[in-house]
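What follows is a structure written as structure tokens; I'll ask about it next.
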Amino acid sequence: MSFQSTGKFDLVICDIDGCLSPESHAPINESALSRIAEHNRLAVAHKDRPIVTLCSGRPISFVEAMCRFIHNTTIPCIGENGVWLYDPGANTFEMDPMITAEHLEAVHEASKLLRMKYQADGVTEQPGKSAAVTLYHSDTEYLRSILPEVKRELQDRGWPFRVSMTWFYINCDLDHVNKATGIARLFAQTGIDPARTAAIGDTLADKFMADSVSFFACPANADPEIKKSAAYVSPYDEIEGVLDILQHLDDEHATG
Ligand SMILES: [Mg+2]
């Protein structure tokens with residue numbers, strides 16, 4: 001399913017944590033979220049603004065739920081940092097076909113190894129991931145302290161992972177899969193022109209999003225490093241920032 005608006009942009013690809021939902025596990029601002037849903041309903045009805053879809057490191061089931069909350073009924077969203085595409089129009093899930101049985105075996109082995117090494121110290125694995133291992137600990141400083149060792153352990157075994165730290169998690173993602181490869185699949189499936197797309201993100205992992213679209217923006221709470229890639233930084237945090245950015249994109253259109 002494709003989409004074309006009469007505005008400057010057809011699609012806004014939005015990160016979830018730190019953008020549509022709080023960076024912490026605090027409740028989601030549902031009235032602000034309903035304004036995103038209203039935006040998407042108007043986009044479909046009037047074709048005068050971009051549709052908002054999602055690109056997140058979260059398990060795809062979480063992304064699917066958010067996709068339904070924001071009333072995106074047509075454009076695929078991306079989960080697990082590019083591993084999955086969920087098409088809300090067809091209700092289908094597709095894992096990146098470049099992920100082989102060997103890759104999945106490496107993920108399984110990495111999960112086993114990291115559990116053996118760190119479970120006793122209170123490190124847990126985020127449930128629901130298919131081709132990535134995400135570690136969590138209530139003491140973020142402790143989690144940060146084991147990052148170099150986690151990197152080394154996986155590297156020493158020759159497993160193909162990119163290990164990175166978000167605000168609260170260590171992500172071990174397959175090297176050849178990221179938000180950019182997910183977005184490339186989305187563009188290929190929908191025929192949407194990258195030159196008519198924007199993205200919103202808040203951490204360095206979102207550089208893959210910034211490099212895939214023609215306009216990148218951040219909410220105020222974003223990491224200073226990723227703000228360097230932004231054409232616009234909202235003065236507002238998280239979802240209020242996203243709503244402000246959508247308004248800004250509208251104004252961009254109005255002023256040409
Ligand atoms: Mg984020």
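Over the chain, what is the percentage of antiparallel beta bridges among all DSSP beta bridges, to the nearest 5?
In the chain, approximately 55 percent of DSSP beta bridges are antiparallel ones.
Most mobile of H39, H71, H176 per a Gaussian network model of the chain (Cα springs, under 10 Å)?
In the Gaussian network model the winner is H176.
Another question about this same structure. When a/c is below 1.5 the answer is rounded, else prolate if a/b is larger than b/c, else oblate, so apply that to the range 126-256 with a ≥ b ≥ c taken from the square roots of the Cα gyration tensor eigenvalues.
In terms of gyration-tensor shape, oblate.
Separate question: Dipole magnitude of the range 1-110 about its Cα centre, charges +1 at Lys/Arg Cβ and -1 at Asp/Glu Cβ only, in debye to the nearest 20?
Computed about the Cα centre, the dipole is about 720 debye.
If Rh is defined by the Kirkwood formula over all Cα pairs and Rg also comes from Cα, what ratio Rg/Rh do you get for the range 101-174?
Computed over Cα atoms, the ratio is 0.92.
Then there's this: Once amide H atoms are built 1.01 Å from N in the peptide plane, which residues 5 or more positions from V52, or in another chain, come under 5 Å H to H?
Sorted by chain and number, the residues that satisfy this are V12.
Something else: Mind checking which lysines have their C-alpha under 18 Å from K8, skipping anything on the same chain fewer than 8 residues away?
Qualifying lysines at Cα under 18 Å: K47.
Still on this structure, please answer the following. Ordering S31, S229 by accessible area with a probe of 1.4 Å, largest first, what comes out?
Per-residue accessible area, sorted high to low, gives S31, S229.
Please calculate how many Å² of accessible area the range 101-174 carries per residue, with a 1.4 Å probe and no DNA, RNA or ligand atoms counted.
Roughly 53 Å² per residue, with all protein chains present.
Also, quick follow-up: Would you calculate, for the chain, the mean residue ellipticity at 222 nm contributed by helices, counting each DSSP H stretch of 4 or more residues as -39,500 (n - 2.57) and dividing by all residues, to the nearest 500?
-12000 deg cm²/dmol
Given a 1.4 Å probe and heavy atoms of the protein chains only, how would you sort Y136, Y232, largest accessible area at the top?
My answer, sorted largest first, is Y136, Y232.
Something else about it: Over the C-alpha atoms of the chain, what are the Rg and the largest Cα-to-Cα span, Dmax, in Å?
18.0, 58
Related question: Checking the cross-link filter: which lysines have an alpha carbon closer than 21 Å to that of K228, excluding same-chain neighbours under 8 positions apart?
Here the lysines satisfying the reach criterion relative to K228 are K179, K207.
In debye, nearest 20, what is the charge dipole magnitude of the range 101-174 about its Cα centre with +1 on Lys and Arg Cβ and -1 on Asp and Glu Cβ, if you could check?
The dipole magnitude comes to about 60 debye.
On to the next question. Using the Kyte-Doolittle scale, which helices in the chain average at least -0.5 and also have C-alpha atoms spread 15 Å or more along the helix axis, with helices defined as whole DSSP H runs?
Both cut-offs are met by 30-46, 101-118, 179-190, 238-254.
The values are calculated or read from the model by the stated rules, or taken from the named source; none is laboratory data. None of the values given here were measured: they were computed from a predicted structure. Positions of Cβ are backbone-derived with ideal geometry, glycine not excepted, and every protein chain shown enters the neighbour counts. What goes into the accessible areas is simple: the full protein's heavy atoms, side chains included, and nothing from ligands, DNA or RNA. Shrake-Rupley method; radii C 1.70, N 1.55, O 1.52, S 1.80 Å.
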